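Report on the following structure.
The values are calculated or read from the model by the stated rules, or taken from the named source; none is laboratory data. Only a predicted model underlies this, so the values are computations on that prediction, with no experimental measurement involved. Note that each Cβ is placed from the backbone with ideal geometry, even for glycine, and that neighbours are counted across all protein chains shown.
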Amino acid sequence: MNATLPFAQTETPINYLNADYGWKSWLFATDHKRIALLYLFSITAFFFVGGAFAVAMRINLLTPEGIFSHDTYNKLFTMHGIIMVFFFLVPSIPATLGNFLVPMMIGARDLAFPRINLLSWYIYIVGGIFTLTAVFQGGVDTGWTFYAPFSSSYSNTHVILAALGIFVSGFSSILTGLNFIVTIHKMRAPGMTWNRLPLFIWGHYATSLIQVLGTPVIAITMVLLGLERVLHAGIFDPTLGGDPILFQHLFWFYSHPAVYIMILPGMAVISEIVACFSRKAIFGYGFVAYSSIAIAVFSFIVWGHHLFVSGQSMYASMVFSFFSFLVAIPSAIKVFNWTATMYKGSISYETPMLYAFGFMGLFTIGGLTGLFLATMAIDVHVTDTYFVIAHFHYVMVGGMVMAYMGGIHFWFPKISGRLYPEGWAKFAALLVFAGFNLTFFPQFILGYQGMPRRYAHYPPEFQVLNVMSTAGASILALGYLIPMIYLAWAWRYGPKSPQNPWNAKGLEWEQSPTPPPTFNFEHQPVVTEPAYNYSGEEQEVKLG
Amino acid sequence: MSHQVVPVKVYAAIFGALLALTATTVAVSKLELGEYNFIVAMTIAVIKGTLVVMFFMDVRRASSMTKLFIGAGFFWLAILLVFLLSDYLSRGWLLNIHWL
């Protein structure tokens, strides 16, 4: 640190945060950065609501006999799933970091449709209000999967309200995806060719394709569910002439790709972090970029692996099993290429990199156990057990939330103009890693031993592993609370950040002030080098 | 990109064609054609959809990129239908193979 700065800075330059302070300037903002912050605060609130349900579940599972009734427990895991999936994980990185960074990384002043961007936030909030109303009215007990005919004909809880919330919030997701696709196609700065796009952009482009193509199917599925529940239309309920497996097909046609809506932006963040803290260009840029698109395409032809024991035909199960194995290839390409990027790199261990390490290890475990589940014979044994719970939490929490936390820390100086306390941040990252593994690794064993998911009570022989899991959850909760505190503190009292505290490459760091002005750049940026040119060499990266 | 103005009579003609096709759908539904009822109804629906996309949405004069995205949309719909049918049409196929 240079102790002899030439001039004391007495006046803060105008930026997107201090350009205006009125509440209208936030609630009617069309600046993508302010909308990103609106999303950030909203999804953080939903994260803690969803987390509260998880805490209640883990407390219940401390003892075999539990403390909640079966009905209450059904509502707890349903609301946890609905809120975490639809109101935290799906919008998390795209709507916050993506919203903030996509225009900046391609050298644009804003997204292509700023008002639609604001509209997407309002739609998200309206959807959230419907769902929270369902919570306050007494909750929903169908599981986040809403399987029919229970949801359409038998459940006595507020299914319609919750489904309406998901239907509405889906449009928010579609609009964000649409905005990104058009922006990436039409608003790249001079010289920002497709070959030079940061991998963050490739990841968000692939995510947007899934959002636009997949989300309408879940929306229409929720409408069909509502039609059957209200008008007894006979679509899914066999007693009315419907087919319950059709619901599962339609639900998973969106909801499996939705897993990739959640994880692809996480991978996008990790690519940025690994390159920066290894001081190297990403190994095999083209492979990493195209693997995002490959994951998006494959994601739509694997959904049947959720139906192996549902009565789906054996032939269809074999086809879906085969494609489920295939999706491992582009995922593995990414992990191998990040590892190869670090090879002989000048690695430093700042907080974002710690989260990136966590992501790579935990996502790999999550991904490999996914192959267990794609294998029909094993899946029959572990279907609807804690093995499945552990698997997707390793992907969603160990992968996605790790990437989200890493991204928040990496771009916190850019977003707030302040530096966060590195020591506390490293401590919290390690707590999250330790707490996460203690929470979810025992669940692999529980599932393998046959403990089913979604039960409030369990046989006493499972208690030790459940106590370990609950103990881990309390550590994990602390690991999430500590960053809330120090980031809130740093936002106001943290030391001011230089423009590029990580010496990172990319337009958002190199050519935009920190925090950025309303229109991001003081001059139109012109791109003359490939992404991640940490070596300083003028080598062009060729795709394909 | 300049947009040509589509004459009102083109829209009117397409609207008339859609009404006529709707009337045809209703009329055909009154006939007893067996499984061909479904085939005829779906064929008419596809023709109507094509007219809407080509003329009302003006895709026939859209850029290649727009056509690509529309094609991708239909391709995705095809994925949904084909893989769905891969289940429904193959129920029981492998039941009599004892070594499986």
Could you grab me the full set of residues in the range A:361-373 that are under 21 Å from residue A:429 (Cα atoms) and more than 15 Å from the chain's Cα centre (by Cα)?
-> A:361, A:364, A:365
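Only one residue in A:274, A:182, A:212 is surrounded by fewer than 24 Cβ atoms within 10 Å (Cβ to Cβ), touching a residue at least 40 places away in the same chain (Cβ under 8 Å) and assigned to a helix (DSSP H, G or I). Which one? Give the steps one after another, and end with the answer.
Working: A:274 fails: surrounded by fewer than 24 Cβ atoms within 10 Å (Cβ to Cβ); A:212 fails: touching a residue at least 40 places away in the same chain (Cβ under 8 Å).
On inspection, the qualifying residue turns out to be A:182.
Among the residues of the range B:45-68, are any more than 30 Å from residue A:185 (Cα to Cα), more than 14 Å from chain A (Cβ to nearest Cβ) and surrounded by fewer than 12 Cβ atoms within 10 Å (Cβ to Cβ)?
Filtering the range B:45-68 down to residues more than 30 Å from residue A:185 (Cα to Cα) leaves B:45-48.
Filter once more, so that each one left must be more than 14 Å from chain A (Cβ to nearest Cβ): B:45-48.
Next cut, surrounded by fewer than 12 Cβ atoms within 10 Å (Cβ to Cβ) only: B:46.
For the range B:45-68, residues more than 30 Å from residue A:185 (Cα to Cα), more than 14 Å from chain A (Cβ to nearest Cβ) and surrounded by fewer than 12 Cβ atoms within 10 Å (Cβ to Cβ): present.
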Residue A:395 versus (1) surrounded by fewer than 21 Cβ atoms within 10 Å (Cβ to Cβ); (2) away from chain B (no Cβ under 14 Å); (3) among the β-branched types (Val, Ile, Thr): which is the lone unmet condition?
-> (1)
Single residue of A:298, A:283 found to be within 14 Å of another protein chain (Cβ to nearest Cβ), in contact with a helix residue (DSSP H, G or I) (Cβ under 7 Å, 6 or more places away or on another chain) and hydrophobic (A, V, I, L, M, F, W, C) | A:298
Residues of the range A:14-47 being within 12 Å of residue A:118 (Cβ to Cβ), touching a Ser or Thr at 6+ places or on another chain (Cβ under 6 Å) and not aromatic (Phe, Trp, Tyr), which ones?
-> A:31, A:36
Filter the range A:236-253 down to the residues that are within 14 Å of chain B (Cβ to nearest Cβ) and aliphatic (A, V, I, L, M), then identify the one that is nearest to the chain's Cα centre (by Cα).
-> A:250
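Can you spot a residue in the range B:36-48 that is touching a residue at least 24 places away in the same chain (Cβ under 8 Å) and at negative phi? Can you show your working first?
Quick first cut of the range B:36-48, residues touching a residue at least 24 places away in the same chain (Cβ under 8 Å) only: B:47-48.
If we keep only those that are at negative phi as well, we get B:47-48.
Yes; the residues of the range B:36-48 include at least one that is touching a residue at least 24 places away in the same chain (Cβ under 8 Å) and at negative phi.
How about the range B:23-35: which of its residues are free of Cβ contacts under 8 Å to residues at least 12 places away in the same chain and either surrounded by 12 or more Cβ atoms within 10 Å (Cβ to Cβ) or among the charged types (D, E, K, R) (or both)?
Looking only at the range B:23-35, we keep the residues that are free of Cβ contacts under 8 Å to residues at least 12 places away in the same chain, and these are B:23, B:26-27, B:30-35.
The answer is B:30, B:32, B:33, B:35.
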Do we have any residue at all in the range A:72-85 that's surrounded by fewer than 15 Cβ atoms within 10 Å (Cβ to Cβ) and out of contact with any Lys or Arg (no Cβ under 7 Å at 6 or more places or on another chain)?
-> no
Being without any contact (Cβ under 8 Å) to a residue 12 or more places away in the chain, part of a loop (DSSP other than H, G, I, E, B), in contact with a Phe, Trp or Tyr (Cβ under 9 Å, 6 or more places away or on another chain) and of a type in the set (D, E, K, R), is that true of even one residue in the range A:12-20?
-> yes
Would you check if residue A:24 is surrounded by fewer than 21 Cβ atoms within 10 Å (Cβ to Cβ) and among the basic types (Lys, Arg)?
-> yes
Is it true that some residue in the range A:95-103 is more than 13 Å from the chain's Cα centre (by Cα), in a helix (DSSP H, G or I) and among the polar types (S, T, N, Q)?
-> yes
Of the conditions (1) in a loop (DSSP other than H, G, I, E, B); (2) within 23 Å of the chain's Cα centre (by Cα), residue A:139 clears all except one; give me its number.
-> (2)
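Under 24 Å from the mean Cα position of the chain (by Cα) and not small (Gly, Ala, Ser): which single residue out of A:465, A:446, A:476 fits that description? Steps first, please.
Details: A:465 fails: under 24 Å from the mean Cα position of the chain (by Cα); A:446 fails: under 24 Å from the mean Cα position of the chain (by Cα).
The unique qualifying residue is A:476.
Quick grid of which residues meet (1) within 30 Å of residue A:300 (Cα to Cα); (2) not assigned by TED's automatic domain parsing to the domain that holds residue B:5:
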{"position": "B:31", "(1), (2)": "no, no"}
{"position": "B:37", "(1), (2)": "no, no"}
{"position": "B:46", "(1), (2)": "yes, no"}
{"position": "B:50", "(1), (2)": "yes, no"}
{"position": "B:81", "(1), (2)": "yes, yes"}
{"position": "B:90", "(1), (2)": "yes, yes"}
The range A:349-377 residues that are within 24 Å of residue A:318 (Cα to Cα), paired with ones that are in a loop (DSSP other than H, G, I, E, B) (beta carbon under 9 Å, 6 or more apart) = A:370/A:327; A:373/A:308; A:373/A:383; A:374/A:302; A:374/A:327; A:376/A:308
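When you scan the range A:415-520 for helices (runs of 4 or more DSSP H) that lie fully inside it, which ones turn up with 3 or more residues that are touching a helix residue (DSSP H, G or I) at 6+ places or on another chain (Cβ under 8 Å) and under 20 Å from residue A:387 (Cβ atoms)? Give the derivation first.
Working: elements: A:422-449, A:463-493, A:507-510.
Of the helices (runs of 4 or more DSSP H) lying wholly inside the range A:415-520, those with at least 3 residues that are touching a helix residue (DSSP H, G or I) at 6+ places or on another chain (Cβ under 8 Å) and under 20 Å from residue A:387 (Cβ atoms) span A:422-449, A:463-493.
Yes or no, residue by residue, for (1) more than 17 Å from residue A:281 (Cα to Cα); (2) away from chain B (no Cβ under 12 Å):
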site	(1), (2)
A:302	yes, no
A:312	yes, no
A:317	yes, no
A:321	yes, yes
A:324	yes, yes
A:339	no, yes
A:344	no, yes
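So, residue B:23, is that one away from chain A (no Cβ under 14 Å) and under 30 Å from residue A:208 (Cβ atoms) or not?
Details: away from chain A (no Cβ under 14 Å): yes; under 30 Å from residue A:208 (Cβ atoms): no.
Considered against the rule, which asks whether it is away from chain A (no Cβ under 14 Å) and under 30 Å from residue A:208 (Cβ atoms), residue B:23 comes out as no.
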Return yes or no: is residue A:288 within 18 Å of the chain's Cα centre (by Cα) and either part of a helix (DSSP H, G or I) or away from every other protein chain (no Cβ under 14 Å) (or both)?
-> no
Between a first residue in the range A:23-36 that is over 14 Å from residue A:122 (Cα atoms) and a second residue that is of a type in the set (Lys, Arg) and surrounded by 15 or more Cβ atoms within 10 Å (Cβ to Cβ), which pairs have beta carbons less than 8 Å apart while being 6 or more apart in sequence or on different chains?
-> A:25/A:34
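Identify, from the list A:157, A:96, A:145, the residue that is β-branched (Val, Ile, Thr) and surrounded by 23 or more Cβ atoms within 10 Å (Cβ to Cβ). Let's see the steps before the verdict.
Values: A:157 fails: surrounded by 23 or more Cβ atoms within 10 Å (Cβ to Cβ); A:145 fails: surrounded by 23 or more Cβ atoms within 10 Å (Cβ to Cβ).
The unique qualifying residue is A:96.
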In the range B:71-90, is there at least one residue being exposed (fewer than 14 other Cβ atoms within 10 Å of the Cβ) and farther than 30 Å from residue A:174 by Cα?
-> yes
Test residue A:220 against the criterion of being within 14 Å of another protein chain (Cβ to nearest Cβ), part of a helix (DSSP H, G or I), among the aliphatic types (A, V, I, L, M) and under 22 Å from residue A:288 (Cβ atoms), and give yes or no.
-> no
Only one of these conditions is not met by residue A:311: (1) assigned to a helix (DSSP H, G or I); (2) under 25 Å from residue A:447 (Cβ atoms). Which number is it?
-> (1)
